[in-house]
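*Asks:* Structure below; questions to follow.
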Amino acid sequence: KTTDEMVVALEDAEADDGVRVVVIAGSGPNAFCSGRDQSEDRSSPEYSGTSETGFIELVRRIPKPVIAMVDGFAIGSGNILAYMCDFTVASARSRFGQTGPRVGSPASGPGVGYLANVVGQKRAREIWMLTQQYTAQQALEMGLVNSVVPHGELEAEVDRYCGLIKNNSPVILQLQKLTFNEALESMEGRPSPSARLAPDYIE
């Protein structure tokens, strides 16, 4: 349900000419997103939603800059969402990391490979294969986030990014985003390793 609602919200933002920047934030005081609920039945529609378009795909596709405003934990698919956004702004109390191999949750495809573009192959493999958590400062140093500020200054910092974006041509920004996204096109349209090797589990 949550992923379907995010798809609707992102599609609305894409279609609204009055929206220049999209900001994604967590709804609670402790996390941006702690990932999918591993206790749910993976084969149920409620687990993955019913939308034919994935929300992370939309984050990449919509022709407007998307900012992840991270306050607290960004873990698992929450970490993927944060680094797939065009910009990631975090509070100093935030923590980032992957859990898939530790909890038996497969993830593969562009969302995994793209991390190597962000932090380099060695760091990406470390993040995905060692399943450690990283502080906001560590994430900044490895290039996982753009900016880290004290908790009380997070919204102001995101507003600063929005102001800088709105000073620029939306058409040129759209062209630049499309150009950056072309780096992932070689991986798109191909079944992921998870889908090829464990299709029953993924479905």
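*Asks:* Ranking request for peptides 133-140, 81-88: highest mean number of other beta-carbon atoms within 10 Å first, then the rest in descending order.
*Replies:* Numbers: 133-140: 18.8, 81-88: 23.4.
In decreasing order of mean packing, 133-140, 81-88 become 81-88, 133-140.
*Asks:* Over the stretch 134-180, with every protein chain in place, what whole percent of the accessible area is carbon and sulfur at 1.4 Å, could you tell me?
*Replies:* In the stretch 134-180, the share of accessible area belonging to carbon and sulfur is 55 percent.
*Asks:* Under Stokes-Einstein, with the Kirkwood radius over Cα pairs standing in for Rh, what whole-number D in µm²/s applies to the stretch 96-168 at 4 °C and 1.567 mPa s?
*Replies:* Reported coefficient: 93 µm²/s.
*Asks:* Still on this structure: In Å², what does the accessible area per residue of the stretch 68-130 work out to with a 1.4 Å probe?
*Replies:* With all protein chains present, the stretch 68-130 gives 39 Å² per residue.
*Asks:* So, one more: Separation between the THR2 and LYS122 pseudo-spin-labels, each 7 Å from Cα along Cα→Cβ, expressed in nm?
*Replies:* Label-label distance for THR2 and LYS122, simple model: 3.5 nm.
*Asks:* Can you list residues whose amide H is under 5 Å from VAL145's amide H, if they're 5+ apart or on another chain and H is modeled 1.01 Å from N?
*Replies:* LEU140
The values are calculated or read from the model by the stated rules, or taken from the named source; none is laboratory data. Every value quoted in this text rests on a predicted model; they were computed, and no experiment measured them. In this analysis, Cβ positions are derived from the backbone assuming ideal geometry, glycine residues included, and neighbour counts consider all displayed protein chains. Calculation scope for accessible area: heavy atoms of the full protein, side chains included, ligands and nucleic acids excluded. Shrake-Rupley method; radii C 1.70, N 1.55, O 1.52, S 1.80 Å.
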